[in-house]
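Values quoted throughout were computed directly from the atomic coordinates according to the rules given, and no laboratory measurement underlies them. Since the structure is predicted, the reported quantities are computational estimates derived from the model, not experimental observations. With ideal geometry, Cβ positions are generated from the backbone for all residues, glycine too; neighbour counts draw on all protein chains shown.
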Amino acid sequence: MLKFNNNFTNYYLKETEKLVWFKKPKVVIKKNENNHYAWFPDGQLNLYENCISNNLKKRQNKTAIITVNQNKEIRKYSFIQIDKKVNKIANYIKKISPNKKLRVMIHASASLESAVLMFTCAKLGWHFSVIFEELESLGIKNRIKLFRPNIFFSRLSKKKFISKMGFKSYKKIKFIYDEQFKKIINAKGNPKKIENKVVDSPNSLFTLFTSGSTGVPKGITHSTGGYLLYSKLTCQNQFGINENSVVLTASDAGWINGHTYSLFGPLSLGSTTILIEKPISLIDIKLFKKILSLKTSVIYLPVTLIRLIKSLNKNFTINKRYIKTLGSMGEPLAPSVAEWFSNKFLKKDRAVVNTYFQTETGGIICSPRYNQNTNQAPHGSVGQPFSEYIKINKLEKTKVKEIKIISPWPGMMKNVINGKIEWNKYWDKNNNFRLFDLATKRKKNVFIHGRNDDVVNIRGHRVGSEEIESTLLKIKKITECCVVTLNDKLEGSKICLFVVSNVNLDLEIDKMIISNFGTYAIPKKVFYVKQLPKTRSGKILRRLLRNILLNPNLKNYGDTSTILNLSSLKDIQKMVKSDE
Ligand code: AMP
């Protein structure tokens, strides 16, 4: 890691003025043992004060949150309404667990309930962890074991939870179910106002489990002050969010985007945020248009959803009047898909804010900015690091290399709750932060080529899986595809391809591969499938596909708790088995 100089500390000290502090920090950063950093160690603040209380003073009746539920019903809640609900639930929990510093697990999707609970915890200085509502029993148990909550809130009813999970109690954990929660927050009358807890900036705010696209779920803990500042700055600079923005971040609450860009960033800037419970429901263009008519100015969607909308709804036009920013999350955004997205929703040559980051980084590391055009940040690139103080290692134009962060940044994770061994894996021998992705750089813009272990190396040709996938997506009949590489004694690697298409495209695929890469990259096998297995945050599970190819007869593929469409796995397994 680089040493922080005066410019670095002056810049961040100045930026801290954008937050509301109980005690302003004088120190920017303190390096502790083993690459643990404390941001603004002498500062004290509260996230709720910044996101809600501060807005009560300026705009209490303004809509803070708009929810779109499973039934596509739209509801609006002002800052003052959110504050009342938070105070009601805070009073209730304080009564049942007086004087305790709690750890709260929230089993809920993007909804009023998850938002109110996350804010209640932030207000009272309780460490929280949101887990996906659709997680199954084993996935929940594993997360409980790691996080050790004293309160577990589920958005399911008690009956449904018990029948689905097969357990109803846990030693030392108080369970609160949906019906009880609703009764409390919808009770008549004004609740007693509870003070916002004064929190030391480095205190743990939340722990979030990573999506599982990269292996076993890991619990990543973020601090309060550094994380909040980073959320706010990246929202302002990359998306152009301000108090007039209406932001649609289509992310589940149990994903980092559902924290940073659905809730904390936008509300800390006084804007309105739209929480959509089932992002997939946006494939209904009528609903999408209804949401746009709420004067939505920022549309930030998972790449997998953009691809789906593109393939399902070819002939629609939308009113672009209010739209200022388009963003994409979670996966590589192929240039052909980016071009369609910007053309359809904004302007042909406007860059898409293709955000590159991880749960571990808290917020965006690299992305184009909302006001850049494609000459400045070409489609397919993830733009540049968000500020001159986010330094990455030197990348090259043609040779793919692992991308690393070589200077500390405020959104950096504070800890990994799985333990020191997992924490240590993130740091290389020079104490730089490893992102485990491969990248190149052209004219200052960074291009991500997939995970370290997804690189294709055939007869000495090295090419990122992402590059092959992007190229194949130019074939109109392919909605989605995924390259999986397997070791091969003779050639180094061999490519297998999973393609979502109901017609055989072998000839077109070979032609496209030969003209873009050469014969060496022709896939050894193409599987045509109905869907690809994805995580609940919309990422294709490459690790699992590789595992199926290697062991088609396995009964257990490890942690599958974050898979959205488990049935797709079974279909693929059958297909691979019959090919043996
Ligand atoms: P997660 O922490 O679950 O959000 O996963 C982070 C990983 O998703 C990154 O390390 C990348 O492998 C991948 N990823 C996220 N955003 C992008 C992007 N814009 N382009 C390519 N890969 C991405």
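A few comments on the model shown:
- Region 204-331: antiparallel DSSP beta bridges as a percent of all, rounded to 5: 30 percent
- When its C-alpha radius of gyration is set against 2.2 N^0.38 Å (N residues), region 453-578 gives a value of 1.02.
- Gap separating the Cα centres of region 224-282 and region 392-408, nearest whole Å: 27 Å
- In plain terms, the residue of Arg462, Arg543 with the fewest other Cβ atoms within 10 Å comes first and the most crowded comes last, giving Arg462, Arg543.
- A crude spin-label estimate for the pair Ile406 and Arg462, with each label 7 Å from Cα along the Cβ direction, gives 1.7 nm.
- Looking at the chain alone, DSSP beta bridges between its own residues are antiparallel in about 60 percent of cases.
- Distance between the modelled labels on Lys14 and Asp506, one decimal in nanometres: 6.3 nm (7 Å Cα→Cβ projection).
- 5 angstrom amide H check on Arg442, placed H, neighbours 5+ away: Phe447
- Near Asn354, the amide H atoms lying under 5 Å from its own belong to Ser328; only residues 5 or more places off or on other chains count, and H is placed 1.01 Å from N.
- Whether region 146-236 is rounded, prolate or oblate, judged on the alpha carbon gyration tensor where a/c under 1.5 counts as rounded: oblate
- With contacts taken as Cα pairs under 8 Å at a separation of at least 6 residues, the chain carries a relative contact order of 12 percent.
- Relative compactness, the chain, computed as alpha-carbon Rg over 2.2 N^0.38 Å: 0.94
- Along its principal axes, region 356-491 has C-alpha extents of 44, 43, 27 angstrom, given from the largest down.
- The local environment of Leu287, defined by Cβ-Cβ distances under 11 Å, has a net charge of +3 under the rule Lys, Arg +1 and Asp, Glu -1.
- Straight-line cross-link partners of Lys324 among the aspartates and glutamates, defined as a Cα under 18 Å from its Cα and at least 8 positions apart when in the same chain: Glu243, Glu339, Asp349.
- From the alpha carbon centroid of region 317-343 to that of region 493-541 is 24 Å.
- Taking amide H positions as modeled 1.01 Å from N, with prolines and chain starts lacking one, the residues under 5 Å from Ile241 and 5 or more places away or on another chain are Gln236.
- DSSP bridge pairs, region 453-578: antiparallel proportion in percent, nearest 5: 75 percent
- Packing-based ranking of 248-256, 517-525 yields 248-256, 517-525, ordered from highest to lowest mean Cβ neighbour count within 10 Å.
- Cβ-based exposure ranking for Arg75, Arg143, in which fewest neighbours within 10 Å come first: Arg75, Arg143
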